[in-house]
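Worksheet: the structure to be examined is printed underneath.
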Amino acid sequence: MKVFIVNIILLFSLLNGDSSFFDTNYIGKQKDDIVKIITQNFSTLRLNTSDINNTYNYLKFEDKIQEITVLFFLSDNNICTLVRFMSDYSNINDVLEDINQNYSKIDNNNWNFTSNGKLYNVNLDEGDWFFTVSIKEMK
């Protein structure tokens, strides 16, 4: 029961608090700005610096119970080029509701939005044990 209550509180803070995770377009933002936004607005997410990957430049945030992971892939200049929001299926209905409120639906698993004159794609990939929401600029 405790885990269920923690899950509800976590998801509420990520999706329905003063700001939603999906309210902000992180693409094009500097690394330091992303850290500041996430730490100020989503207290349940913690920056994970224990994983070192020499192939990709990214920021990795996880919730306390490791149910939600968010990756911000960065360019060589530390500018965000791709966001991946991953969660187990206990959160899918709330995430879909939030995505549908923030973006224009294209089909079952795709949405888009425009920000600063640029078009972005939001894609839902449903895996066996978890789902991933990817956000990237359309070229």
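In region 35-73, the residue that is surrounded by the most Cβ atoms within 10 Å (Cβ to Cβ) out of those that are among the hydroxyl-bearing types (Ser, Thr, Tyr) and over 15 Å from ARG84 (Cα atoms) is THR44.
For region 46-64, check the following and say yes or no: at least one residue is under 24 Å from MET138 (Cβ atoms), modelled with pLDDT of 95 or more, within 11 Å of the chain's Cα centre (by Cα) and not charged (D, E, K, R). No: zero hits.
When only residues in region 109-132 that are assigned to a loop (DSSP other than H, G, I, E, B) and in contact with a strand residue (DSSP E or B) (Cβ under 8 Å, 6 or more places away or on another chain) count, which is nearest to THR24 (Cα to Cα)? Full working, then the answer.
To start, the set of residues in region 109-132 that are assigned to a loop (DSSP other than H, G, I, E, B) comprises 109, 116-117, 127-129.
Checking the rest, the ones that are also in contact with a strand residue (DSSP E or B) (Cβ under 8 Å, 6 or more places away or on another chain) come to 109, 129.
Working: ASN109: 20, TRP129: 27 Å.
If we take residues in region 109-132 being assigned to a loop (DSSP other than H, G, I, E, B) and in contact with a strand residue (DSSP E or B) (Cβ under 8 Å, 6 or more places away or on another chain), then ASN109 is nearest to THR24 (Cα to Cα).
Give me the pairs, please: first residue somewhere in region 112-130 and free of Cβ contacts under 8 Å to residues at least 40 places away in the same chain, second residue anywhere and surrounded by fewer than 12 Cβ atoms within 10 Å (Cβ to Cβ) and of a type outside the set (A, V, I, L, M), beta-carbon distance under 6 Å, and either six or more positions apart or on two chains. Hits for this filter: ASN112/SER104. Exactly one residue among ILE135, ILE99 is surrounded by 15 or more Cβ atoms within 10 Å (Cβ to Cβ), part of a helix (DSSP H, G or I) and of a type in the set (A, V, I, L, M), and that residue is ILE99.
Can you confirm whether region 121-131 contains a residue that is touching a helix residue (DSSP H, G or I) at 6+ places or on another chain (Cβ under 9 Å), farther than 18 Å from ASP23 by Cβ and exposed (fewer than 14 other Cβ atoms within 10 Å of the Cβ)?
Yes: region 121-131 contains one or more residues that are touching a helix residue (DSSP H, G or I) at 6+ places or on another chain (Cβ under 9 Å), farther than 18 Å from ASP23 by Cβ and exposed (fewer than 14 other Cβ atoms within 10 Å of the Cβ).
When region 42-96 is examined, which residues are found to be outside any loop (DSSP other than H, G, I, E, B) and of a type in the set (D, E, K, R)?
Selection gives ARG46, LYS60, GLU62, ASP63, ARG84, ASP88, ASP94.
Considering only residues that are closer than 19 Å to SER115 by Cβ and among the small types (Gly, Ala, Ser), look in region 12-30 and name the one that is modelled with the lowest pLDDT. Give the derivation first.
Taking region 12-30 and keeping what is closer than 19 Å to SER115 by Cβ, we get 19-30.
If we keep only those that are among the small types (Gly, Ala, Ser) as well, we get 19-20, 28.
Details: SER19: 67, SER20: 86, GLY28: 97.
Only one residue fits best here, namely SER19.
The values are calculated or read from the model by the stated rules, or taken from the named source; none is laboratory data. Remember, predicted model here, so these are calculated numbers, not experimental data. Neighbour counts are summed over all protein chains in view; Cβ atoms, including those assigned to glycine, are modelled from backbone coordinates with ideal geometry.
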